[in-house]
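Structure, as structure tokens:
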């Protein structure tokens with residue numbers, strides 16, 4: 001299963017909603033790459049990603065959205081295995097001094113926390129890879145799961 | 001290019017080129033049938049190097065996940081067979097890897113390293129060979145026939161619930177069960193006849209289920225111990241990536257049209 005982080009999911013949704021917008025070309029390229037390279041791929045969303053996605057919609061629309069998400073996406077929970085994987089990620093950071101870094105405070109630290117839970121959930125469910133736009137994620141994963149960072153360069157048609 | 005010197009100078013020329021910051025470690029492959037490299041078939045050398053590379057990479061990954069480490073074979077000579085391996089200078093292979101292996105302190109090594117050491121040790125044992133290193137003034141066995149590495153026990157075993165998504169490949173049987181093929185492998189799931197009735201007509205279709213079982217943390221993820229038990233069949237019907245996203249995009253309409261994905265996430269997590 002291919003896990004989408006919230007930023008990547010939104011980029012893909014924007015691309016499908018507004019396909020002619022040039023700023024969405026890279027997200028289109030990712031979708032095409034996914035289809036070409038992994039035609040059998042199923043998309044998975046950790047529940048923290050679902051939670052973040054829902055914040056962009058009115059609560060009265062959440063039941064309908066959840067109903068659709070449950071049917072078409074693999075929704076991944078924070079279970080004990082995921083909690084342990086996240087704890088191991090936190091422990092690794094502590095051992096490497098990341099948590100003592102005065103630069104990693106406030107928002108940055110909060111981001112790290114959510115990242116750890118998303119990675120932990122993906123690892124516990126033995127997903128193949130995580131797609132994200134978050135530059136920190138590959139290093140945080142520490143090799144336990146493949147992280148695909150960023151969107152591919154869109155194929156430009158030749159000028160002439 | 002400057003070549004780093006191994007701890008004792010080899011009587012044969014060092015092959016290949018090494019990065020200036022690399023450090024050469026000499027390892028000795030010993031066995032009664034090994035008098036020199038000419039006794040080492042290429043296939044065995046290839047397998048040995050693959051497993052040794054895996055062990056060194058696993059160790060390096062545990063030390064510094066952000067920095068990919070490169071290891072190279074820079075020399076091959078008598079001793080029975082001596083292997084000169086170049087590793088990044090910053091990695092303390094002697095203290096961090098070779099000594100714990102030699103002293104049997106496997107608990108000092110991470111699970112991935114123990115798994116890799118066990119794999120290499122098993123390969124060497126099949127040939128009655130031992131890999132040694134020069135440590136603290138003596139040549140000491142690290143792993144193989146004279147110093148086998150025990151099979152690592154899973155570091156964590158626990159009971160948990162898990163959602164699984166995959167294709168139904170078998171249903172029913174004398175002992176009622178559901179066999180599910182997932183991208184991670186096949187799961188054999190115990191289920192009551194009543195639960196299996198809910199799944200009638202789903203053979204070779206994608207479904208989602210929630211199960212409870214015992215799981216062991218191992219290299220490559222969590223492995224179920226025995227057959228997990230089916231708790232619930234989920235509403236999941238499966239969809240390709242584009243189909244799933246197109247449906248969601250149509251439900252959301254313009255909700256995210258003017259949103260910067262990175263900024264949206266940073267604001268929420270901040």
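Going from the fewest other Cβ atoms within 10 Å to the most, the residues A:148, B:209 appear in the order A:148, B:209.
Using only the Cα atoms of the stretch B:191-270, build the gyration tensor, take square roots of its eigenvalues as a ≥ b ≥ c, and label the shape rounded, prolate or oblate: rounded if a/c is under 1.5, else prolate if a/b is larger than b/c, else oblate. The shape class here is oblate.
With respect to chain B, whose longest principal axis is taken over its alpha-carbon atoms, helix B:42-63 is tilted by about 70°. Axis angle, to the nearest 10 degrees, between helix B:241-252 and the longest C-alpha principal axis of chain B: 50 degrees.
Taking the longest Cα principal axis of chain A as reference, the axis of helix A:62-72 is set at about 80 degrees. Modelled label-to-label distance, residue A:33 and residue B:214, 7 Å Cα→beta-carbon offset: nm? With each label placed 7 Å out from Cα toward Cβ, I get 4.3 nm. In plain terms, the bigger the Kirkwood radius, the slower the diffusion; for the stretch B:35-153, with that radius from Cα pairs, at 20 °C and 1.002 mPa s, Stokes-Einstein puts D at 147 µm²/s. Divided by 2.2 N^0.38 Å, where N counts the residues, the Cα radius of gyration of the stretch B:125-209 comes to 1.94. Over the Cα atoms of chain A, each weighted equally, I'd like the Debye log10 I(q)/I(0) at q = 0.09, 0.17 Å⁻¹, rounded to two decimals. One equal scatterer on each Cα of chain A leads to -0.33, -1.07. Taking the fewest neighbouring Cβ atoms within 10 Å as the starting point, the ordered list for A:93, A:62, B:129 is A:62, A:93, B:129. Among B:143, A:47, A:88, B:162, sorting on how many other beta-carbon atoms sit within 10 Å of each Cβ, with the fewest leading, yields A:47, A:88, B:162, B:143. For the stretch B:71-125, a/c is not less than 1.5, where a ≥ b ≥ c are the root eigenvalues of the C-alpha gyration tensor, and a/b does not top b/c. That puts it in the oblate class. Remark: the Cα gyration tensor places the stretch B:102-146 in the oblate category, a/c being 1.5 or greater and a/b not exceeding b/c. Restricting the calculation to Cα atoms, the protein assembly as shown shows an Rg/Rh of 1.04 when the hydrodynamic-style radius is the Kirkwood one. In whole Å, what is the distance between the alpha-carbon centres of the stretch A:30-63 and the stretch B:22-71? After rounding, the separation between the Cα centres reads 43 Å. Per residue of A:1-12, other chain Cβ atoms within 10 Å of the residue Cβ number 5 on average.
Average 1/r across all pairs of distinct alpha carbons in chain B, invert it, and you get the Kirkwood radius: 22.9 Å. Based on DSSP H segments of at least four residues, each scored -39500 (n - 2.57), chain B has a per-residue ellipticity at 222 nm of -8000 deg cm²/dmol.
Once the chain from residue A:80 to residue A:23 is taken as fully extended at 0.36 nm per residue, the excess over their C-alpha distance is 16.6 nm.
Taking each residue as 0.36 nm, the span from residue B:73 to residue B:108 lengthens on full extension beyond its C-alpha to C-alpha distance by 10.0 nm. When only alpha carbons are used to place a centre, the stretch B:99-159 and the stretch B:187-254 end up 38 Å from one another.
Considering the convex hull of the alpha carbon atoms of the stretch B:99-257, report its projected area averaged over all viewing directions, in nm², one decimal.
15.5 nm²
The numbers here are math on the coordinates, done by the rules we state, and not lab data. On a predicted model such as this, the values are computed, not experimentally measured, just so you know. Glycine gets a Cβ as well: all are built from the backbone with ideal geometry, and neighbour counts include every protein chain shown.
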